[in-house]
Amino acid sequence: MTQTALSEWRRQHVPLYNRNRMKLGVFGMNVSGGGTISRAPTSFEASFEHNLAIAQHAEDAGFEFLVPFGRWKSFGGETAYNGHCMEVYTWAAALAARTERIMLFATSHVGTVHPLFAAKQGATIDHISRGRWGLNVVCGWYTPEMEMFGATQLPHDERYARAGEWVEVIKRLWQDNHFDHHGQYFDVKDAYLEPKPVQQPHPVIVNAGVSEAGREFSARHVDFNFITMDSLDTAATLAADVRGRARAYGRDIGVLGNGFCLVRDTEAEARAALEAIVAAGDWGAAHNIMRVLGIESDSFNAQIEQFARRFVVGWGGYLICGTPEQVVDQFIGLARAGVEGMALIWQDYAVEIPYFKDRVLPLMRQAGLRV
Ligand SMILES: Cc1cc2nc3c(=O)[nH]c(=O)nc-3n(C[C@H](O)[C@H](O)[C@H](O)COP(=O)(O)O)c2cc1C
């Protein structure tokens, strides 16, 4: 197939390549607490049945994708945040069998899965879903999780070097048989993998590298990068940066973002709901996460508290909050900044996604963000 034919194949078959200017995804629903580090009341629970209901609501709304957290251990705090976490490949396979159109990602930690096994599981889910599976590559920054596998945590940039080799072996397994790979991190003798995945040239691969090494990894190896932004200016700068880096390797890359979505009929209601989440924040868990990320020193200051608030409300993602009209303006700003889609956290996914469908999607269509 020529490059143009492949692009057209993806456009027609793979939701993340459809013509909507702002793709929509659901983020972090497979773990307890979801993406909200708070005790504020919600119907959300990280059970499979509840996840299935959320997936069906998202599919019914025409969303493009679901991205789980790759999580192995709790962050502690009063809520034992994220302690109950469904494994991502089996989660995606089960949801694939119960949905029809939406894409399902597996957020896979490089250090926990041999590339042959990751490629095999991915190809299998791609068949179960008839071409709707995607791989979200994560290197594993939460050292206590990685140490449960008996592995020593590699230095940050070397994690991306290993991830590069891991992804290249996986891509080759999806296209070739009977090759040997003897690399720095992985060995494969007389490789063989059948069935090959449904998606051509391979299932969609995404990554959320933010650092220099992370963005370089994305530019060289993946189809979409999740940028982390706190303003539209940062979004525009980062989107241009990752696209430019990919072009330097003769590649195209898409740009996605992640955020927390809170929409109510009035601005006052939206603000009140936001403050209720913050007021019930599990600060112990939020500070534990920040400590591992190196955001926090021993001295508590206003900036750190501001950061903690951003973690409690959507894991440090971009805040999309207000009335349906205000929220659509925010999506327009993101699209103009070069963001093609958002993986969104809701405090109560199963209740708020149907509301979003009824109140926000018609306005997004009017604004030309979605068909
Ligand atoms: C949208 C998004 C999803 C992520 N999902 C996970 C995850 O599920 N598990 C995980 O360990 N890290 C996850 N991360 C963290 C990233 O893999 C990465 O460590 C982080 O963005 C920092 O990038 P850097 O390694 O380039 O500094 C996610 C980050 C983002 C922005």
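See the values below:
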{"quantity": "Output for region 157-192, where each listed residue is out of contact with any Gly (no Cβ under 8 Å at 6 or more places or on another chain), more than 16 Å from the ligand (Cβ to nearest atom) and outside any loop (DSSP other than H, G, I, E, B)", "calculated": "Glu168, Lys171, Arg172, Leu173, His181, His182, Asp187, Val188"}
{"quantity": "Failed condition for Gly134, given (1) open to solvent by less than 20 Å² (accessible area, probe 1.4 Å); (2) outside any strand (DSSP E or B); (3) within 13 Å of the ligand (Cβ to nearest atom)", "calculated": "(2)"}
{"quantity": "Region 193-210: number of residues that are at pLDDT 95 or above, open to solvent by 20 Å² or more (accessible area, probe 1.4 Å) and within 13 Å of the ligand (Cβ to nearest atom)", "calculated": "1"}
{"quantity": "Count of region 3-31 residues which are of a type in the set (A, V, I, L, M) and more than 17 Å from Ala106 (Cα to Cα)", "calculated": "3"}
{"quantity": "Selection within region 1-16 - in contact (Cβ under 8 Å) with a residue 40 or more places away in the chain and not in a loop (DSSP other than H, G, I, E, B)", "calculated": "Leu6, Trp9, Arg10, His13, Pro15, Leu16"}
{"quantity": "Single residue of Ile102, Ile128 found to be modelled with pLDDT of 95 or more, farther than 23 Å from Gly294 by Cα and open to solvent by less than 60 Å² (accessible area, probe 1.4 Å)", "calculated": "Ile102"}
{"quantity": "Selection count, region 74-87, where residues are open to solvent by less than 10 Å² (accessible area, probe 1.4 Å) and either out of contact with any helix residue (DSSP H, G or I) (no Cβ under 7 Å at 6 or more places or on another chain) or on the phi > 0 side of the Ramachandran plot (or both)", "calculated": "1"}
{"quantity": "Selection within region 74-114 - under 21 Å from Tyr160 (Cβ atoms) and touching a Leu at 6+ places or on another chain (Cβ under 7 Å)", "calculated": "Phe105, Ala106, Ser108"}
{"quantity": "Positions within region 150-193 being within 21 Å of Trp133 (Cβ to Cβ) and touching a residue at least 60 places away in the same chain (Cβ under 8 Å), in sequence order", "calculated": "Ala191, Leu193"}
{"quantity": "Subset tally (residues that are of a type in the set (D, E, K, R) and in a loop (DSSP other than H, G, I, E, B)) for region 32-61", "calculated": "2"}
{"quantity": "Gly77 being away from the ligand (no atom under 16 Å from the Cβ) and at pLDDT 95 or above", "calculated": "yes"}
{"quantity": "Only one of Arg39, Arg71 that is under 18 Å from the mean Cα position of the chain (by Cα), open to solvent by 20 Å² or more (accessible area, probe 1.4 Å) and of a type in the set (D, E, K, R)", "calculated": "Arg71"}
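The values are calculated or read from the model by the stated rules, or taken from the named source; none is laboratory data. Just so it is clear, the structure is predicted and the values come from calculations on it, not from any experiment. With ideal geometry, Cβ positions are generated from the backbone for all residues, glycine too; neighbour counts draw on all protein chains shown. Side chains are part of the model used for accessible areas, which takes the heavy atoms of the whole protein and leaves out ligands, DNA and RNA. Shrake-Rupley method; radii C 1.70, N 1.55, O 1.52, S 1.80 Å.
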